[in-house]
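Each remark here refers to the structure printed beneath this line.
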Amino acid sequence: PVLKDFPSKQELSSYQLIVDAVFGYSFKGPLRGSWKERFPIINEICAQHHIPIVAVDVPSGWNIDDGPHPQDICLNVNVLVSLSAPKHCAKQFKGIHYLAGRFM
């Protein structure tokens, strides 16, 4: 389902999969706003309940070139689906990596 509000911890723990499509590849700078409080909750619940997180193109909170920001909060992603071509940050990714796109 598409949610209008952030789920409670109990609701979040009932999910079988989380799709990370929060920020696009052009996201820059430190994590801000309500996501700074939400990402640790998502990471905690997913780790406790073994819920995989699948990122689209770039894991949210990552720098497009360098990967995870060392002093910032990022989602702990298990699967990365790169669109068209892997971004430079994919070199830092340690989970399952798929390449999706339309190829001629």
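Here is a yes/no grid of residues against (1) assigned to a strand (DSSP E or B); (2) on the phi > 0 side of the Ramachandran plot; (3) hydrophobic (A, V, I, L, M, F, W, C); (4) touching a helix residue (DSSP H, G or I) at 6+ places or on another chain (Cβ under 7 Å):
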residue: LEU3; (1), (2), (3), (4): no, no, yes, no
residue: VAL22; (1), (2), (3), (4): no, no, yes, yes
residue: GLU37; (1), (2), (3), (4): no, no, no, no
residue: ILE41; (1), (2), (3), (4): no, no, yes, yes
residue: VAL77; (1), (2), (3), (4): no, no, yes, no
residue: HIS97; (1), (2), (3), (4): yes, no, no, yes
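Name the single residue, out of those in the stretch 81-95 being part of a helix (DSSP H, G or I) and under 18 Å from VAL22 (Cβ atoms), that is most open to solvent (accessible area, probe 1.4 Å).
If we filter the stretch 81-95 for residues that are part of a helix (DSSP H, G or I), which is where we start, we get 88-92.
Among the residues that remain, those that are also under 18 Å from VAL22 (Cβ atoms) are: 89-90.
Working: CYS89: 1, ALA90: 17 Å².
In this case the residue turns out to be ALA90.
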**OP:** Please enumerate the residues belonging to the stretch 57-73 that are open to solvent by less than 40 Å² (accessible area, probe 1.4 Å) and touching a residue at least 40 places away in the same chain (Cβ under 8 Å).
**Re:** SER60, ASP72
**OP:** Taking only the stretch 1-24 into account, find how many residues are open to solvent by 100 Å² or more (accessible area, probe 1.4 Å) and modelled with pLDDT under 95.
**Re:** 4
Original post:
Given the residues GLY101, GLY67, GLY61, which is the only one that is over 13 Å from the mean Cα position of the chain (by Cα) and at positive phi?
Top reply: GLY101
Subject >> Lone unmet requirement of (1) open to solvent by less than 60 Å² (accessible area, probe 1.4 Å); (2) at pLDDT 90 or above for PHE27 >> reply: (2)
**OP:** Search the stretch 43-56 for residues being in a strand (DSSP E or B) and β-branched (Val, Ile, Thr), and hand back the single one that is most open to solvent (accessible area, probe 1.4 Å).
**Re:** VAL56
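The values are calculated or read from the model by the stated rules, or taken from the named source; none is laboratory data. Because the structure is a prediction, the values reported are computed rather than measured. Heads up, the Cβs are rebuilt from the backbone with ideal geometry, glycines too, and the neighbour counts pull from every protein chain shown. Calculation scope for accessible area: heavy atoms of the full protein, side chains included, ligands and nucleic acids excluded. Shrake-Rupley method; radii C 1.70, N 1.55, O 1.52, S 1.80 Å.
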